Amino acid sequence: MSARSVAVTGLGLVTAAGIGAEATWRGVCEARPTARRDPTLQGLPVDISYTVPEFNAAKLVGRRSNLVHDRFVQLAVVAAREAVADSGLDPRTWDGARVGVVVGCGLGGVSTWEQQHRILLDEGPGSVSALLIPLLVPNMVAGHLAMEFGARGPNFVTATACASGATAIGVATQLLHDDQCDVVIAGGSEAGVSPLIVTGFARMGALSRRLDEPATASRPFDADRDGFVIGEGSGVLVLEREADARARGARVRARVAGYGASADAHHMTAPDPSGAGALQALRTALASAGVSPGDVDHVNAHGTSTPLNDAAESKVLHQLLGARATVTSAKGAVGHSLGAAGAIEAALTVLTLENQTVPPTANLENLDPAVELDVVAKSPRAQRIDVAVSNSFGFGGQNAVLVLTSA
Amino acid sequence: MTAMYDKIVDILVNRFEVERSEIKPDVTFEDLEMDSLFLVELLLVVEKELGVKVSDDAASPRDTIGRAAEVIEEQAAATTS
């Protein structure tokens with residue numbers, strides 16, 4: 001344990017595979033995709049999505065939740081409550097001034113935005129909700145978690161598109177290194193399955209068009225992949241300096257050992273085909289963890305199922321790590337939850353380390369021959385894993401890589 | 001109390017998740033944990049559901065439900081007469 005070692009002591013997940021870490025882990029290990037035709041997207045060029053099943057906010061969050069929380073906040077509250085309970089910390093007695101909250105979010109309350117904009121156009125300004133702004137601004141998710149847990153330390157949202165959740169966890173470790181906090185509630189949340197957002201991604205050509213077979217549309221690293229399938233969810237970790245966690249007798253589930261970030265400075269949305277930005281983030285993350293590329297046993301890939309991402313990412317991984325490390329992508333099982341994805345996948349990487357088991361990449365039938373990696377498919381694979389990497393890459397060319405190690 | 005009071009109670013219960021048993025004429029909106037944002041929202045719903053016109057300042061968090069019902073009743077009467 002180095003002085004910089006950060007422990008994961010709590011974990012919470014809300015995904016299309018289910019509510020709770022256990023349901024999500026089971027769904028991902030069973031490679032059981034839940035994408036379906038989405039009635040809220042009917043008539044749009046793409047109408048498939050992965051959504052959280054049976055999410056009753058009034059019951060799960062609180063009776064007034066639907067009035068004051070957009071869905072991206074509701075998902076985060078449920079994941080964060082699970083993570084904090086799991087940590088064994090008691091928000092009633094902790095020193096709230098030393099507890100930070102950092103949450104990644106790419107979009108914010110887009111459903112609220114769309115509904116209220118329609119009201120503005122149809123009915124006029126007098127009918128627009130006074131709660132519009134508090135419902136839609138992305139930073140409100142961190143604000144609500146502060147209120148929920150009495151967390152009065154540094155509190156903010158990171159926005160690096162599809163890397164937001166990983167950026168949040170990386171920045172959270174820096175708050176612990178700098179002694180700004182003793183505990184950070186760190187994660188990501190997104191509820192972007194809305195008509196306007198889905199149409200926007202469809203117009204970009206980023207989404208899969210396998211509308212007649214939604215369950216198998218998201219197929220990372222498969223030769224026949226044709227785009228991502230949008231999802232939603234939240235992943236939250238409770239992070240502490242490992243020395244503090246050990247001193248209080250907490251269960252250390254894994255360590256966040258390293259973090260690297262970079263920008264492609266190449267194109268608005270396409271990854272740099274040379275992979276220079278991703279490579280730089282990977283190298284920085286490994287160096288900050290004090291490990292070398294040859295130490296990496298496993299990679300939880302960004303693996304979106306878009307032709308461009310998976311090609312560029314696999315090239316970079318092969319270049320840096322060779323073919324020794326196993327690779328998986330959760331996006332076949334739970335879709336691409338944008339700003340939440342990096343945090344959900346970091347949480348899944350913690351579970352991978354704990355269980356010493358690599359979950360399979362759902363829907364991977366024919367590995368793209370250009371992908372020269374050991375991508376796990378079909379069923380979970382038992383493996384000795386000491387060092388794992390979780391990749392996240394965002395539109396805007398923003399890259400965030402986490403190194404997690406077994407406790 | 002008046003018919004307007006009863007209508008507002010129904011709106012508070014059905015739209016603002018307030019427990020019916022907590023609502024009494026001399027209870028304030030603040031007592032029900034309804035701040036100024038909720039009040040703007042409440043008046044919006046009153047206008048839409050009851051088809052009346054009320055000003056944005058017809059009720060404030062420190063008003064009682066009974067007093068707010070009276071003001072809304074007066075303003076509604078003025079707009080419909």
Kirkwood estimate for the protein assembly as shown, i.e. one over the average of 1/r between Cα atoms, Å: 23.4
Separation of the A:His117 and B:Asp35 label points, Cα + 7 Å toward Cβ, nm: 2.7
Local electrostatic count at A:Ala325 - Lys and Arg +1, Asp and Glu -1, tallied over other residues with Cβ under 11 Å: -2
Quotient of Cα Rg and 2.2 N^0.38 Å for chain B, N being how many residues it contains: 0.97
Pair A:Glu54, B:Val71: separation of 7 Å Cα→Cβ label points (nm): 4.5
Interface residues in segment A:56-84 - accessible area drops by 50 Å² or more relative to the isolated chain, probe 1.4 Å: A:Arg63, A:Arg64, A:Leu67
Dimensions in Å of segment A:37-128 - Rg and Dmax from alpha carbons: 17.3, 51
Solvent-accessible area buried by B and A, counting both chains, probe 1.4 angstrom, square angstrom: 1100
Carbon/sulfur fraction of accessible area - the protein assembly as shown, other protein chains in place, 1.4 Å, %: 52
For B:40-52, mean number of other protein chain Cβ atoms within 10 Å: 2
Segment A:137-165 versus segment A:288-364: alpha-carbon centroid distance in Å: 25
Pairs beyond 25 Å (Cα-Cα), from A:Lys315/A:Lys378; A:Lys59/A:Lys378; A:Lys59/A:Lys331: A:Lys59/A:Lys378; A:Lys59/A:Lys331
Average accessible surface area per residue within the protein assembly as shown, 1.4 Å rolling probe, Å²: 39
At least 50 Å² accessible surface lost relative to isolated chain, residues of segment A:120-153 (1.4 Å probe): A:Ala130, A:Leu131
Anchor B:Lys7: lysines whose Cα lies under 24 Å away (excluding residues fewer than 8 positions away in-chain): B:Lys24, B:Lys48, B:Lys53
Cβ-Cβ FRET estimate between A:Asp90 and A:Arg246, R0 fixed at 25 Å, reported to 0.05: 0.85
Max mean-square fluctuation residue, GNM over chain A, Cα-Cα springs under 10 Å, options A:Gly124, A:Gly205, A:Gly258: A:Gly124
Charge tally in the Cβ shell below 15 Å around A:Arg37, where Lys, Arg are +1 and Asp, Glu are -1, A:Arg37 excluded: -1
Centroid-to-centroid separation of segment A:19-33 and segment B:40-61 [C-alpha atoms, Å]: 46
Cβ neighbours within 10 Å from other chains - mean over A:364-373: 0
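The values are calculated or read from the model by the stated rules, or taken from the named source; none is laboratory data. Since the structure is predicted, the reported quantities are computational estimates derived from the model, not experimental observations. Here the Cβ is made from the backbone with ideal geometry for all residues, glycine too, and neighbour counts use every protein chain on show. Please note that ligands, DNA and RNA were not included when accessible areas were found on the heavy atoms of the full protein model with its side chains. Shrake-Rupley method; radii C 1.70, N 1.55, O 1.52, S 1.80 Å.
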